[in-house]
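Accompanying notes for the structure given below.
The values are calculated or read from the model by the stated rules, or taken from the named source; none is laboratory data. The model shown is predicted, which means the values in this text are computed figures rather than measured ones. Cβ sites come from the backbone with ideal geometry, for glycine too, and all protein chains shown count toward neighbours. To get the accessible areas, we keep the full protein, side chains included, count just its heavy atoms, and leave off ligands, DNA and RNA. Shrake-Rupley method; radii C 1.70, N 1.55, O 1.52, S 1.80 Å.
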Amino acid sequence: MVEPDVDAWRHLSTWMPYLFVRPDNRAHSDVDGLSAAAMAALDGQASFTTDGTDVCWSWTDGGVTLTAGVRSTADVPRAVLAVDDRDSQVGALDGKAWKEWLRMSNWLGISDHSRVCTRTLLAAAPAPVSEGPTEAALSPEWQSLLDEAVSDTERELIRALADSGAAVPVLGYETEGGDVIDFAWADSRIGVVLDGPAEADGWTLCPPDPAQILEALKMNGVV
């Protein structure tokens with residue numbers, strides 16, 4: 001079996017946002033506003049409304065959007081990939097947006113210059129795509145969990161939960177019935193499922209919405 005060339009894969013993922021540039025979707029704006037532009041696009045509004053000197057562009061298909069930009073011709077493009085995870089949109093078009101988001105996140109999730117997330121996370125903790133990590137240090141338990149995460153969606157949710165004072169969950173927990181729960185507080189039978197609706201007998205399952213998760217945890221004394 002031939003081992004994949006990780007460096008080549010990472011290089012391709014870094015430059016993938018350029019594949020979505022068209023003559024009609026570019027604007028001079030600010031790359032620090034990529035997250036806000038992504039949320040606006042998911043709400044059916046113009047992506048880039050602030051003037052700036054950076055070259056930015058966006059692509060939207062139903063409930064999934066990609067916003068990207070560069071500061072100069074020598075700059076590596078930065079991007080935000082987001083899906084509309086609101087209840088009214090999750091099942092739209094038979095989950096087409098979620099499927100496309102998952103496909104694209106396989107590319108962009110390994111790029112240090114991209115953010116893969118959901119509309120809920122954008123609204124809860126809007127943040128620009130940065131050149132490097134600037135977040136506050138986590139406790140050893142939360143840092144260990146962060147190191148296990150495989151996507152920006154998981155990492156952002158971990159940081160939001162750590163800041164809230166929640167107990168540390170288990171990643172990828174499998175119930176007695178064989179259901180896999182992305183984030184689980186097994187003793188209280190509370191979990192988070194990232195990819196659409198799910199069920200598990202006797203469990204309270206939440207979408208990746210920090211506010212909704214915290215409410216469930218508080219009701220069960222986990223916070």
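Here are the numbers for the structure shown:
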quantity	calculated
Any chance residue 171 is buried (at least 19 other Cβ atoms within 10 Å of the Cβ), aliphatic (A, V, I, L, M) and not in a loop (DSSP other than H, G, I, E, B)	no
Leading residue by the ranking (surrounded by the fewest Cβ atoms within 10 Å (Cβ to Cβ)) among those in the range 175-197 that are modelled with pLDDT of 90 or more and part of a strand (DSSP E or B)	182
Some residue of the range 11-28 being out of contact with any Leu (no Cβ under 9 Å at 6 or more places or on another chain) and modelled with pLDDT of 85 or more	yes
Output for the range 192-213, where each listed residue is closer than 16 Å to residue 155 by Cα and free of Cβ contacts under 8 Å to residues at least 24 places away in the same chain	193
Failed item in (1) surrounded by 14 or more Cβ atoms within 10 Å (Cβ to Cβ); (2) in contact with a strand residue (DSSP E or B) (Cβ under 7 Å, 6 or more places away or on another chain); (3) under 20 Å from residue 85 (Cβ atoms), with residue 154 passing the rest	(2)
Inter-residue pairs, beta-carbon under 6 Å, first free of Cβ contacts under 8 Å to residues at least 12 places away in the same chain and in the range 23-47, second outside any helix (DSSP H, G or I) and not aliphatic (A, V, I, L, M), 6+ apart	40/47
The lone exception for residue 115 - which of (1) at pLDDT below 85; (2) buried (at least 21 other Cβ atoms within 10 Å of the Cβ) it fails	(1)
Top-ranked residue in the range 198-210 [being closer than 23 Å to residue 105 by Cβ and among the hydrophobic types (A, V, I, L, M, F, W, C); ranked as least open to solvent (accessible area, probe 1.4 Å)]	206
The one condition in (1) farther than 24 Å from residue 84 by Cβ; (2) in contact (Cβ under 8 Å) with a residue 24 or more places away in the chain; (3) not hydroxyl-bearing (Ser, Thr, Tyr) that residue 216 fails to fulfil	(1)
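Listed here are the residues, each with its yes/no results for (1) among the β-branched types (Val, Ile, Thr); (2) open to solvent by less than 70 Å² (accessible area, probe 1.4 Å); (3) at pLDDT 85 or above.
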{"position": "60", "(1), (2), (3)": "yes, yes, yes"}
{"position": "65", "(1), (2), (3)": "yes, yes, yes"}
{"position": "72", "(1), (2), (3)": "no, yes, no"}
{"position": "79", "(1), (2), (3)": "no, yes, yes"}
{"position": "101", "(1), (2), (3)": "no, yes, yes"}
{"position": "120", "(1), (2), (3)": "yes, yes, yes"}
{"position": "130", "(1), (2), (3)": "no, yes, no"}
{"position": "143", "(1), (2), (3)": "no, yes, yes"}
